[in-house]
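A.B. asks: The structure that follows is given in the form of structure tokens.
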Amino acid sequence: MIRAGCGRLAALCCLISLFGPGNAVAIDASRGLLELRLGTTRIEGMPLAWSKQRVFLLARDGRMWDFPPGEAEDFQKLPGRFSSYSAGVMRSQLQSELGREFEVTGTGRYLVAYPAGQKNLWAERFEELYRSFVHYFAVRGFRVKDPTFPLVAVVFPNHQAFRGYAAREGRQVPANVLGYYSPVSNRVALYDTRKGDSDWHTNAETIIHEATHQTAFNTGIHSRFAEQPRWAVEGLAMLFEAQGVWNSRAQQNLEDRINRSQLASFRRFQSRGRKADSLAQLLSSDRRFEHDTQNAYAEAWALSFFLVETEPRKYSRYLQHLAALPDFAMRTPAERLHDFTEVFGENLPLLEARFQEFVKELK
């Protein structure tokens, strides 16, 4: 064991260099384990990337830690290979973290914590969405990977408790946010919005959207460690909000796969003067999600729906290309645009014309 001292930074960098190259392109179970302490928290995990300034460490519960190497103490290399904690261990940890006010239920892929005493209405819904997601991509020729970690969701009893948890995770969520998936913690967090026992509509929309993010980032559709264009990430999640997508085995008509609210929003955007270079802007940068949020989301859905319905194999190939991008490397606007045109072709005006015609014909 190497303890704190004047050579701590150099010693840790030397130790983690034993794990191989400083940029891992995937979770490699053959790589070893590192144990260290950050403040009062002991962590077992696998280094993903490192330098003299930063270490990215993937913990055995799925959380990714990002810290200056000088902050680590009591670090050592452990015997054995990297692996996730078992569902039983993670369930015990989750119960200990949240306390007696919560119960934790495990299903095939999920661990769901919810307010104690509440009938278990949540775990099977998450599990059902996972199965639907896998089926949707399997029939389109996209081979999804098994998740490395149990998928964790935490359901809070009210908005106040939800926002308090988010703040402890370092997130400031707006008042209108009902839930989120964190690629850092690898968890979904949301709160119960029901006014009555039968009112599940808003809960269902939140679960579908955030569970889609979580499943995509844990099955190889997206990469947690490589930059992913926000339009592609959010567009996919909004695709699954339509019943004909998340329940595609029962609802098989094109009309059932349309996200009606996003279609209406995109048409309003068109009627109010959508610019000719709107598509190129969306593809090359995430900035519009910050200053033109509603229109950016609407166009992300519309473009994703157009591509998956008219070019499903190219859409799958594009997502695979994005998921294989180098870890922790930022893409320039030109590189992001090239990532897209390399798969769908360089003639964006022609693609725009087809896109517009497709949306116009939707009923």
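The values are calculated or read from the model by the stated rules, or taken from the named source; none is laboratory data. From a predicted model like this one, the values you see are computed outputs, not experimental measurements. All Cβ positions, glycine included, derive from the backbone under ideal geometry; neighbour counts span all protein chains shown. Quick note on the areas: whole protein, heavy atoms, side chains included, nothing else; ligands and nucleic acids left out. Shrake-Rupley method; radii C 1.70, N 1.55, O 1.52, S 1.80 Å.
A.B. asks: Give me the percent relative contact order of the chain, please, defined on Cα pairs under 8 angstrom at least 6 residues apart.
C.D. replies: Once divided by the residue count of the chain, the mean separation gives 12 percent.
A.B. asks: Each residue of the stretch 239-245 in turn: what ³J(HN,Hα) in whole Hz from Karplus with 6.51, -1.76, 1.60 and θ = phi - 60°, glycine and Pro shown as x?
C.D. replies: Working through the residues one at a time gives 4, 6, 5, 7, 4, x, 9 Hz.
A.B. asks: How far is helix 123-138 tilted off the main Cα axis of the chain, in degrees rounded to 10, range 0 to 90?
C.D. replies: 60 degrees
A.B. asks: Here's a follow-up. Would you calculate a helix-derived [θ] at 222 nm for the chain, using -39,500 (n - 2.57) for each DSSP H run of n ≥ 4 and dividing by the full residue count, to the nearest 500?
C.D. replies: About -13500 deg cm²/dmol.
A.B. asks: Expressed in nm to one decimal, what extension gain is obtained for the pair Ala175 and Gln243 from 0.36 nm per residue of sequence separation less their Cα-Cα distance?
C.D. replies: 21.8 nm
A.B. asks: A further question follows. Could you check how much of the accessible area of the stretch 60-199 is carbon and sulfur, as a whole percent, using a 1.4 Å probe?
C.D. replies: The nonpolar share, carbon plus sulfur, comes to 46 percent.
A.B. asks: Sticking with this structure for a sec: Please report the equivalent ellipsoid semi-axes of the stretch 240-279, computed as sqrt(5 x eigenvalue) of the Cα gyration tensor, largest first, in whole Å. Numbers along the way, then the final one.
C.D. replies: Numbers: eigenvalues 149, 17, 10 Å².
Those come to 27, 9, 7 Å.
A.B. asks: So, with +1 on the Cβ of K and R and -1 on the Cβ of D and E, and no other charges, what is the size of the charge dipole of the chain about its Cα centre, to the nearest 20 debye?
C.D. replies: It comes to approximately 220 debye.
A.B. asks: Right, another one. With an 8 Å cut-off on Cα pairs and a minimum separation of 6 or more residues, tell me the relative contact order of the stretch 219-363 in percent.
C.D. replies: Computed value for the stretch 219-363: 35 percent relative contact order.
A.B. asks: Let me check the size of the chain from its C-alpha atoms; what are the radius of gyration and Dmax in Å?
C.D. replies: Reported Rg and Dmax, both Å: 21.7, 68.
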